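Okay, so here's the structure we're looking at.
Values in this text are rule-based calculations from the coordinates and carry no lab data. These figures come from a predicted structure and were not determined experimentally. Glycine also receives a Cβ, built like all others from the backbone with ideal geometry; neighbour counts cover every protein chain displayed.
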Ligand code: ZN
C-alpha cells in the first residue's frame, strides 16, 4: 500500500482539531489530573482521568494552543479510554518512539502511525507529545490537591 502519511496526518490533525473528542473536565475527589505547558509554542493542556481498579474510564481534556496540540490531546483521550494504566503507558511509549524516530510504523494502532507524521516536523513534536506527558504525570501523581504541572523541555 502506498499511502502518503503526511496527507493522512494532516487530515487527522484537522479532523480532531475541528471536533475534539472528550473536551471538558471531570468532577470528583478521585480524578487523576495534571496540567501541561509547552513554552515553545504556548500550548497548555489539562488532563482529567477517572481511574478505577487500575483501569481508565472517562478521560477529559481542556487545551489552549495550536491545532496539533489539541488534535493530539483529543486522539490521546480516544486511545487510552478503557485501557489499564499499564496499557496506557504502553500506548504512550509506542507513540513516543514513533514520533522520535526510534521505531517504525508497523504494529502500533493506525491512528498513532498517522500522528507520527509529526516526526517530519521536529518543531511540532513537543506540541504533539504535551498531552501524553501530562496524562502520564496524572497517572504517576494521582489525587494531589493541586494538579502537578508538566513543562516540556
Ligand atoms: Zn503547539
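What about residue 34, is it part of a helix (DSSP H, G or I), in contact (Cβ under 8 Å) with a residue 40 or more places away in the chain, away from the ligand (no atom under 16 Å from the Cβ) and surrounded by 19 or more Cβ atoms within 10 Å (Cβ to Cβ)?
no
Within region 43-64, does at least one residue satisfy the condition of being near the ligand (Cβ under 10 Å from one of its atoms), in a loop (DSSP other than H, G, I, E, B) and surrounded by fewer than 23 Cβ atoms within 10 Å (Cβ to Cβ)?
Checked against the condition, which is being near the ligand (Cβ under 10 Å from one of its atoms), in a loop (DSSP other than H, G, I, E, B) and surrounded by fewer than 23 Cβ atoms within 10 Å (Cβ to Cβ), region 43-64 yields no hits at all.
Based on this model, can you work out whether residue 89 counts as in contact with a strand residue (DSSP E or B) (Cβ under 9 Å, 6 or more places away or on another chain) and either more than 16 Å from the ligand (Cβ to nearest atom) or free of Cβ contacts under 8 Å to residues at least 24 places away in the same chain (or both)?
Numbers: in contact with a strand residue (DSSP E or B) (Cβ under 9 Å, 6 or more places away or on another chain): no; either more than 16 Å from the ligand (Cβ to nearest atom) or free of Cβ contacts under 8 Å to residues at least 24 places away in the same chain (or both): yes.
No.
If you go through region 65-82 one residue at a time, how many are touching a helix residue (DSSP H, G or I) at 6+ places or on another chain (Cβ under 7 Å) and more than 16 Å from the ligand (Cβ to nearest atom)?
2
Within region 116-140, can you find the residues that are surrounded by 24 or more Cβ atoms within 10 Å (Cβ to Cβ) and in contact with a strand residue (DSSP E or B) (Cβ under 8 Å, 6 or more places away or on another chain)?
127, 130, 131, 134, 135, 138
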